[in-house]
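Trainee: Structure in structure tokens, see below.
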Amino acid sequence: MLNKSGNGHIMNKTRSLGLCGLATLLIGASSVAFAETDVPVDKVEGWDIYQGSENLGCVMERTMDDGYLVRLGKEKAGAPFGYIGVYTQNPDVNIYGGVTGDVVLDIDGQRFTGTAVGDLDFREGYRGGYLKANNPQFGEALARKYVLTLNPDDNPIKISLDGTLKAMAATELCDSYGVAVEDMGDAATLSALEANALASWNSLLEGNRRAARYADEAVAVMVFPEIKKAGLVVGGEAGNGVLFKDGQVLGHYRTSSLSVGAQAGAQSYGYAVMFLDEQAYERFFSRKRLELGVDASVAVFRAGITAEVDTTKTKVDTVAFVYDEEGLMANWTLEASRIRELEQ
């Protein structure tokens with residue numbers, strides 16, 4: 001049985017990845033095939049998620065059981081899913097570099113067309129390339145369907161789409177980071193983020209005495225004033241924040257999560273992370289990253305939590321508060337929320 005969560009499979013005999021099929025396909029490289037400078041950022045449902053070090057666009061890739069490397073991605077940050085790459089290290093496969101051609105793609109009976117170009121040198125002995133789809137519904141079909149067939153009427157290549165639903169959501173979150181980095185290059189955008197973060201922080205302290213008490217102890221604070229649904233095919237949220245220390249802005253950060261618990265009717269929320277001593281702050285600042293729910297030294301406060309955290313008897317040296325305009329929130333969790341510096 002096929003399962004979009006990644007538990008299903010397709011037998012090799014049904015995949016029909018023939019040698020002449022790839023030669024006919026003529027899929028190939030262009031500016032988006034930035035494999036040599038890809039930076040690994042995640043692994044979801046068997047798919048590896050990479051981000052380009054130059055254009056910050058994200059791709060997902062998987063090596064199939066038969067040795068073919070399949071990549072799904074975008075031409076640049078913010079673009080829709082629009083290309084698929086297939087590569088092989090098999091020297092017997094004929095690849096015609098630089099030759100363009102039209103290709104038909106069938107996804108569980110739904111057909112698309114694309115433009116393909118051959119590539120003779122992808123990476124590590126892989127040859128093949130990628131094609132661009134000419135339909136914005138291509139990405140949705142990749143996420144929701146089970147089998148992609150390239151050239152269905154002539155030497156077909158069948159590719160399992162197991163796990164693409166969640167992996168594409170993770171790729172979207174990765175991609176949103178690239179968009180955020182570009183936005184941070186605008187002075188007005190930076191100024192607005194910092195002003196919103198400061199206003200959000202002050203509102204939290206005015207409305208919550210517990211947060212105010214911890215704020216008196218904190219040596220630094222990171223505030224994410226507005227975290228919104230990222231428009232993913234699977235639930236996920238993302239937003240930008242600011243790191244403050246001694247009244248100064250020390251950096252800008254991005255938080256994202258694929259598994260934030262949804263609250264009915266809620267469109268956005270915010271949270272603040274307080275570092276209660278210099279050691280906690282330096283540990284975070286040296287890595288420029290933090291994953292909530294994984295680091296046991298971080299305690300998260302939500303509505304309905306009444307007990308204080310005794311920081312003298314536990315290893316907790318960082319606290320986080322989840323809130324919206326009405327105060328602390330009960331049904332949101334920060335489990336698996338990742339914080340990453342917005343490098344400019």
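The values are calculated or read from the model by the stated rules, or taken from the named source; none is laboratory data. Keep in mind the model is a prediction, meaning the values are calculated, not measured. So basically every Cβ, Gly included, is an ideal-geometry build from the backbone, and we count neighbours across all protein chains shown.
Trainee: Mind checking whether some residue in segment 313-320 is modelled with pLDDT of 85 or more and assigned to a loop (DSSP other than H, G, I, E, B)?
Mentor: yes
Trainee: So if I check each of F112, F138, which one is of a type in the set (A, V, I, L, M, F, W, C) and farther than 30 Å from S257 by Cα?
Mentor: F112
Trainee: For residues that are assigned to a loop (DSSP other than H, G, I, E, B) and touching a Cys at 6+ places or on another chain (Cβ under 9 Å), scanning just segment 58-78, find the one that is surrounded by the fewest Cβ atoms within 10 Å (Cβ to Cβ).
Mentor: Filtering segment 58-78 for residues that are assigned to a loop (DSSP other than H, G, I, E, B) and touching a Cys at 6+ places or on another chain (Cβ under 9 Å), the one surrounded by the fewest Cβ atoms within 10 Å (Cβ to Cβ) comes out as A77.
Trainee: Can you name every residue in segment 107-132 that is surrounded by 15 or more Cβ atoms within 10 Å (Cβ to Cβ), at pLDDT 75 or above and small (G, A, S)?
Mentor: Selection gives G114, A116, G128.
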